[in-house]
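The structure under discussion appears below in the form of structure tokens.
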Amino acid sequence: MMNLVEKDTAYVWHPYTHQKGRLPSIRMVKGKNTLLYDQEGNTYIDAVSSWWVTIHGHGNKYIASRLGKQAAILEQVIFAGFTHKPAVSLAEKLLKILPGDFARIFYSDNGSTATEVAIKMALQYWLNKEASHRTRIVALHDSYHGDTFGAMSISERGTFTMAFRDKLFEVIFIDPPHKDNLEQIKATLEPIAGEIACFIYEPLLQGAGGMKMYKPEHLDPLLHFLKQKEVVCIADEVLTGFYRTGKLFAGEYLTEKADIICLSKGLTGGTMALGVTSCTQKVYEAFNTDDRTQTFFHGHSFTANPLACTASLASMELVMKKKLKRRVGEIQAAQARFLEELYPFAERKIIKNLRHLGTICAFEIAISETEGYLAGIGQKFSAFCLKSGVYLRALGNTIYIMPPYCITDKELRKVHQTILRFLQQLIRNN
Ligand SMILES: Cc1ncc(COP(=O)(O)O)c(C=O)c1O
């Protein structure tokens, strides 16, 4: 008789996991607040919010009770021709808080679909406006917008997309804006500006691309330039939404507002799969015509699933509490103080590129034998942390912390101390 983990090894294929010789998965039996419990009774602080989603931590009783009630009322219904209260209430709520003049909410079911929808919306916007020459898409180097084909096409070409490189559509990649490159970016885009349909960007934080951070004062002039050219600007806030960067949305740091915004991850407090793509009235009007071929032909079986929308409404109530904002500020301050503790390691060239934004801090291991996602040091780091009761998943040689907002001071300190001990061990072994 196989036990559950052996069956997992025999029957299940896990994401982003090399299969041959993979270690047995750890069986998790419970999650409560920041802690994950395995079958042996070990606990782990989930310091990456389970792939950046569980902003309120695990097992949130309020969200669970709302979900339970909704499950008994209406769990799922086709969303073409029918509607329901959770979907409408959530749309109304989101439109009040989104950073810009957004007018419509289009639902899907994850971050990749949210960005796919955004790109399709922007391309068809121009087609519906009979400007069929506006077909080019601009994206940033080091971007990540998801794993479906459209989302891969608009993401940096690299390890994740290599196997499919011949099948991805053409995109113009520009460097993320910094203090010196605006003129050069303008010079590249100016001659073709009239052909550009849209520009997609992760505002201020490029997550899966390596937790790279850039500044609003550099993004704003780029957005200004593109908006002057009527390029549809798409903010991918799948990761940055709901206080990750210290403000409710990263877009709040910016003067120039997006025409389309994408949300997922923290949208439901990380409890249910849901994606949102919201657009301005101007974008929407291109679809509000007499010509039925101009319909937006996109939808998913679970579009606006009532349970997911309910979870999101419940999460949003928690997000809007003053005490959550205060806690985000405290975490932000603690992460900044932690960077100061890391400086001596940077001076010894053990680590580099120390940075923090909102609740996130990140740096690279500088003595790694390889750089990038496949760097072996990341696996050693994660194994070290697990033994210490902390779950941190490095992106190659990039180490970052992205905790749930319910993390206690003591738990965050434990996460910091675990990283410090790992770095001290690195010094001893080198
Ligand atoms: C900025 C951004 N966009 C899109 C996605 C894709 O989201 P999902 O994994 O839900 O498809 C991610 C996931 O990490 C992301 O960070």
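Taking the listed residues Phe106, Phe79, the one that is of a type outside the set (Gly, Ala, Ser) and either part of a strand (DSSP E or B) or at positive phi (or both) is Phe106, with no other qualifying. Of the listed requirements (1) open to solvent by less than 10 Å² (accessible area, probe 1.4 Å); (2) of a type in the set (Ser, Thr, Tyr); (3) over 26 Å from Trp126 (Cβ atoms), Ser278 misses just one: (3). Kindly establish whether Leu182 is open to solvent by less than 10 Å² (accessible area, probe 1.4 Å) and either farther than 23 Å from Thr277 by Cβ or outside the structural domain of Cys361 (by TED's automatic domain parsing) (or both). For Leu182, the condition - open to solvent by less than 10 Å² (accessible area, probe 1.4 Å) and either farther than 23 Å from Thr277 by Cβ or outside the structural domain of Cys361 (by TED's automatic domain parsing) (or both) - is not met.
Here's the yes/no breakdown for (1) small (Gly, Ala, Ser); (2) closer than 30 Å to Leu98 by Cα:
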{"position": "Glu317", "(1), (2)": "no, yes"}
{"position": "Arg327", "(1), (2)": "no, yes"}
{"position": "Glu347", "(1), (2)": "no, no"}
{"position": "Cys361", "(1), (2)": "no, yes"}
{"position": "Ser388", "(1), (2)": "yes, no"}
{"position": "Asn397", "(1), (2)": "no, no"}
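Taken across the range 193-204, residues that are in contact with a helix residue (DSSP H, G or I) (Cβ under 6 Å, 6 or more places away or on another chain) and either open to solvent by 30 Å² or more (accessible area, probe 1.4 Å) or at pLDDT below 95 (or both) do not occur at all. Scanning the range 6-35 for residues that are farther than 30 Å from Thr408 by Cβ and either among the β-branched types (Val, Ile, Thr) or not in a loop (DSSP other than H, G, I, E, B) (or both) gives Glu6, Lys7, Asp8, Thr9, Ala10, Tyr11, Val12, Thr17. Contact map, the range 334-355: residues that are assigned by TED's automatic domain parsing to the domain that holds Pro404 and open to solvent by less than 40 Å² (accessible area, probe 1.4 Å) paired with residues that are polar (S, T, N, Q) and at pLDDT below 95, Cβ distance under 8 Å, separation 6+ or inter-chain. Pairs shown: Ile350/Asn430. Here is a check on your reading of the model: is Thr289 open to solvent by less than 50 Å² (accessible area, probe 1.4 Å) and more than 20 Å from Glu202 (Cβ to Cβ)? Taking the combined requirement at face value, the residue does not satisfy it. The residues of the range 127-156 that are within 16 Å of the ligand (Cβ to nearest atom), open to solvent by 20 Å² or more (accessible area, probe 1.4 Å) and not in a helix (DSSP H, G or I), listed by number, are His141, Asp142, Tyr144, Asp147, Thr148, Glu156.
Pick out the one residue from Met320, Met316 that is within 21 Å of the chain's Cα centre (by Cα) and open to solvent by 40 Å² or more (accessible area, probe 1.4 Å). Break it down stepwise before answering.
On the way: Met316 fails: open to solvent by 40 Å² or more (accessible area, probe 1.4 Å).
Result of the check over Met320, Met316: Met320.
Which one of Val48, Val12, Val29, Val53 is closer than 16 Å to Met272 by Cβ and either assigned by TED's automatic domain parsing to the domain that holds Val415 or at pLDDT below 95 (or both)? After applying the criteria, what remains is Val53. Looking at Asp220, is it among the charged types (D, E, K, R), assigned by TED's automatic domain parsing to the domain that holds Phe173 and surrounded by 24 or more Cβ atoms within 10 Å (Cβ to Cβ)? Judged against the criteria, Asp220 is not a match.
Residues in the range 97-121 that are closer than 25 Å to Arg165 by Cβ and surrounded by 24 or more Cβ atoms within 10 Å (Cβ to Cβ): Gly111, Thr113, Ala114, Thr115, Glu116, Val117, Ala118, Ile119.
Could you tell me which residue of the range 33-60 is nearest to Met211 (Cα to Cα), considering only residues that are open to solvent by 40 Å² or more (accessible area, probe 1.4 Å) and small (Gly, Ala, Ser)? The qualifying residue nearest to Met211 (Cα to Cα) is Ser50. Of all residues in the range 223-248, which are open to solvent by 10 Å² or more (accessible area, probe 1.4 Å) and on the phi > 0 side of the Ramachandran plot? Across the range 223-248, the qualifying residues are Glu230, Tyr243, Gly246. Cβ-Cβ distances below 8 Å connect the following pairs, each with a first residue in the range 51-65 that is part of a helix (DSSP H, G or I), a second residue that is among the small types (Gly, Ala, Ser) and more than 14 Å from the ligand (Cβ to nearest atom), and a separation of six or more residues or different chains: Tyr62/Ala314; Ile63/Gly269; Ile63/Ala311; Ile63/Ala314; Ile63/Ser315.
The values are calculated or read from the model by the stated rules, or taken from the named source; none is laboratory data. Computed from a predicted model, the values in this text were never measured in an experiment. Neighbour counts run over all protein chains shown; Cβ positions are idealised from the backbone, glycine included. Ligands, DNA and RNA are excluded from the accessible area calculation, which covers all protein heavy atoms including side chains. Shrake-Rupley method; radii C 1.70, N 1.55, O 1.52, S 1.80 Å.
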